[in-house]
């Protein structure tokens, strides 16, 4: 569905623009896209990918983000451990 595809692309573009966890890790696909392309070029690149590939990239981000937030909670705010399970 076109609407779902557009939503995936918009979510991915937000991550190209910046990491919600702060500094992105070196292996982040969105950091690599950001370093290589302008935002408009990133849109064009993402638009060439199929929904499955974009979804895979987003799932990878959410896994990384959740792990980083859990680690942050364990070291800075133990009372929030388990919040992202």
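Read the figures in this text as sums done on the coordinates, not as results from a lab. Computed from a predicted structure; not experimentally measured. Here Cβ is always computed from backbone atoms with ideal geometry, including for glycine, and neighbour counts include all displayed protein chains.
For segment 1-41, list log₁₀ I(q)/I(0) at each q in 0.20, 0.28 Å⁻¹, using the Debye formula over Cα point scatterers of equal strength and ignoring solvent, two decimals each.
Summing over Cα pairs of segment 1-41 leads to -0.61, -0.96.
Given R₀ = 25 Å, FRET efficiency for residue 47-residue 23 by Cβ-Cβ distance, to 0.05?
0.35
Quick one: if the Förster radius is 25 Å, what FRET efficiency do residue 58 and residue 36 give, using the C-beta to C-beta distance and rounding to 0.05?
On the way: r = 18 Å, r/R0 = 0.74.
E(calc), rounded to 0.05, equals 0.85.
Take residue 73 and residue 4, extend 7 Å from each Cα along the Cα→Cβ direction, and tell me the distance between the two endpoints in nm.
2.9 nm
In whole Å, what are the extents of segment 2-80 along the principal axes defined by its C-alpha atoms, from largest to smallest?
Principal-axis extents of the Cα atoms in segment 2-80, largest first: 42, 25, 15 Å.
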